[in-house]
Amino acid sequence: MESLKTIVSTGNIGEEYLRGEKLGQGSFGRVFKGTTHDGKKKVAVKVIDNACQQQKHILQEVKNLKRSHHPNIVQFLDCYLQNTSFYVVMEYIDGITACHCKEYFHPPHIATVCKSVLQALHCLHEKSIVHMDVRGMNIMVSSQTGVVKLVDFGLSTDESDHFHMKVGSLYYRAPELVTNFSDAYIT
């Protein structure tokens, strides 16, 4: 647990942010809408319970988020550790996932989403980061600006670390991980 303590902000997340509605849940945590106490800034807060058991994934996620500065990648803001829960504070994207808006998309919209995701992936690959879970649920489209952002770095890794692992949803597995043709099929 000492490694997590070295990357977190001092203080209590409750002193900085108010928790709002639940936005979603993944295999590693739940995401809530939050605001600063003065209500001027909205954030997304990922809550990971049993942080001791998830330490390796948390450290990798935070490390990769901190290194991934790009207009099409969700922005990391801060992180906190309280008791056994870890909190990752990120930019709030007021919008919907690419999965939820696909019926409204026309070819130019699809092209914009694809271009934005490819630009985000290019940025990640330049930094030797593999997202490992690129899929519609992890692509957010802002309802206010139309900006497309890649989110959820919970399975991300460095190319040099664990590159042999077969992690993530099979249909959304990073192409770098499919080592032979038979790996691409469900058995």
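The values are calculated or read from the model by the stated rules, or taken from the named source; none is laboratory data. Bear in mind the structure is a predicted one, so any value in this text is a computation, not a measurement. Cβ sites come from the backbone with ideal geometry, for glycine too, and all protein chains shown count toward neighbours. When the accessible area is computed, the model is the full protein with side chains, heavy atoms only, and any ligands, DNA or RNA have been set aside. Shrake-Rupley method; radii C 1.70, N 1.55, O 1.52, S 1.80 Å.
Things worth noting here:
- Enumeration of residues in the range 1-59 that are part of a strand (DSSP E or B), open to solvent by 50 Å² or more (accessible area, probe 1.4 Å), more than 16 Å from SER85 (Cβ to Cβ) and out of contact with any Ser or Thr (no Cβ under 6 Å at 6 or more places or on another chain): GLU21, LEU23
- Residue within the range 90-99 that is aromatic (Phe, Trp, Tyr), under 28 Å from THR6 (Cβ atoms) and outside any helix (DSSP H, G or I) present: yes
- Restricting the first member to the range 144-162 and to residues that are open to solvent by less than 50 Å² (accessible area, probe 1.4 Å), and the second to residues that are small (Gly, Ala, Ser) and at pLDDT below 85, the beta-carbon pairs closer than 8 Å and six or more apart or on different chains are GLY154/GLY26; GLY154/SER27; LEU155/GLY168.
- Residue within the range 159-168 that is within 18 Å of VAL43 (Cα to Cα) and either of a type outside the set (D, E, K, R) or more than 16 Å from the chain's Cα centre (by Cα) (or both) present: no
- Hey, ALA111 open to solvent by less than 20 Å² (accessible area, probe 1.4 Å), of a type in the set (Gly, Ala, Ser) and at pLDDT 90 or above or not: no
- Residue pairs whose Cβ atoms lie under 8 Å apart, sitting 6 or more positions apart in sequence or on different chains, and linking a residue in the range 29-53 that is under 23 Å from ILE96 (Cβ atoms) and of a type in the set (Gly, Ala, Ser) to a partner that is open to solvent by 50 Å² or more (accessible area, probe 1.4 Å) and in a loop (DSSP other than H, G, I, E, B), are GLY29/ASP49.
- Sole exception among (1) in contact (Cβ under 8 Å) with a residue 24 or more places away in the chain; (2) within 22 Å of VAL147 (Cβ to Cβ); (3) among the polar types (S, T, N, Q) for GLN75, by number: (1)
- Some residue of the range 65-83 being of a type in the set (Phe, Trp, Tyr), open to solvent by less than 30 Å² (accessible area, probe 1.4 Å) and in contact with a Leu (Cβ under 9 Å, 6 or more places away or on another chain): no
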